[in-house]
Amino acid sequence: MKTNATMIGQVREQFLTALDDTQVSTELLKQLVDAAQQSPGVMDAHEVNGITRAIDVDPVSWNPDYFSRQKFFATRNFSKERLEHLIQVRDVFRQRNEKGFTPTVAASHARKAPMNSASFDYQPTSNLKKFVDEGDLLTIRTALRLELNDRRLDGAELHGALAWAKDNVSGIFEVFSEGAFARELLSDQNQWTEDYYDLQVTYLKTNFSEKRFLHLIEVRELLRNSAVEGFVSTKAAAPKTASSTHSAAPAAQASRPNSRQPIPDSAPERNPAFKAALLIGGAIAAVVVFLVALVR
């Protein structure tokens, strides 16, 4: 399993790679720099020396070679100041329509429509497949958990992701257990709120069991069918009608029990910037997986 030092190194590498992705916005990069600061050890203190040269604040001097040099310096000094400068230089180049920096029309992320039959032909997302291919259990589990954040994916596709990961990764799921940091699953759908969902995501980190993952899919579907903000599908298709098994959906949206457990300071998964990065995929999505995996 990857160490924190290894994952920090990969956060840095993938972030610098993401600077070259024209689909990644300036604002998203800034938000991920802010998020990276919350993970101890990811950022360096800013330094200027014989290897990591000073930042040039004059835009007249900025050209692609200067950008490349600053990227190299960032491999030696991954500081907030240097990253924000790189983002600023990149943004100026985008405004100038500099070749290699100009945003292009985003590629389609369309997926096959889910089928009602058990023979649904599931294809893993590029992010999930990347981490399964790499073979590290912690980041595989993190990537699978983050599939729950992809609002393009419905319940059938998440069931497909679970089955595919189970078939391709030995020991991905633990035996279901309950404890101080992995509480019980509630069957009362009136208590399936956003807060309850966030708690169960936190418990999944402690007890990464198939039963917990399946329960999260079910809670997510209820919130999705109830049109709860943050869960509604981003697909262009017409909204689904809640099934009879979700007859308590309106109650789940309205009911707010007074005696709920406090939500731990956890849920980086719900960070809007992380969700946006996951939809883009590639290096910027890998940054998110590593950042989330660092929060244990």
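Near Asp44: Cβ cut-off under 13 Å, other residues only, Lys/Arg at +1 and Asp/Glu at -1. The net charge is +2. Net charge dipole, segment 4-95: roughly 160 debye, given to the nearest 20, about the Cα centre with Cβ charges of +1 for Lys and Arg and -1 for Asp and Glu.
Rounded to the nearest whole Hz, the Karplus-based 3J(HN,Hα) values (6.51 cos²θ - 1.76 cosθ + 1.60, θ = phi - 60°) of segment 31-44 follow the sequence 5, 6, 4, 4, 5, 5, 5, 7, 9, x, x, 6, 9, 9, with x at glycine and proline. Fewest-first ordering of Thr17, Thr142 by other beta carbons within 10 Å of each residue's beta carbon gives Thr17, Thr142.
A cut-off of 5 Å between modelled amide H atoms, ignoring neighbours fewer than 5 places along the same chain, links Ser209 with Glu174. Restricting the chymotrypsin sites (Phe, Trp or Tyr not before Pro) of segment 125-209 to loop positions (DSSP other than H, G, I, E, B) with no more than 11 neighbouring Cβ atoms within 10 Å leaves Phe181. By other beta-carbon atoms within 10 Å, ranking Ser209, Ser126 with the fewest at the front produces Ser126, Ser209. Straight-line cross-link partners of Lys166 among the aspartates and glutamates, defined as a Cα under 13 Å from its Cα and at least 8 positions apart when in the same chain: Glu174, Glu210. Of the trypsin sites (Lys or Arg not before Pro) found in segment 9-98, none is in coil by DSSP with at most 10 other Cβ atoms within 10 Å of its Cβ. Loop-located GluC sites (Glu not before Pro) in segment 136-195 (DSSP state other than H, G, I, E, B) with a sparse environment of at most 16 neighbouring Cβ atoms within 10 Å: Glu178, Glu184. Across segment 4-95, the mean sequence separation of Cα contacts (distance under 8 Å, 6 or more residues apart), normalised by length, yields a relative contact order of 35 percent.
All other residues whose Cβ lies under 13 angstrom from that of Glu84 are scored, Lys and Arg at +1 and Asp and Glu at -1, for a net of 0. Which residue, chosen from Gly50, Val24, Asn63, occupies the Cα position most advanced towards the positive end of the dipole of segment 4-95, where the dipole is computed from +1 (Lys, Arg) and -1 (Asp, Glu) charges on Cβ about the Cα centre? It is Gly50, whose Cα lies furthest towards the positive end.
Read-outs throughout are calculated quantities, based only on the coordinates presented, and are distinct from any laboratory measurement. Values in this document were obtained by computation on a predicted structure and should not be read as measured data. Glycine gets a Cβ as well: all are built from the backbone with ideal geometry, and neighbour counts include every protein chain shown.
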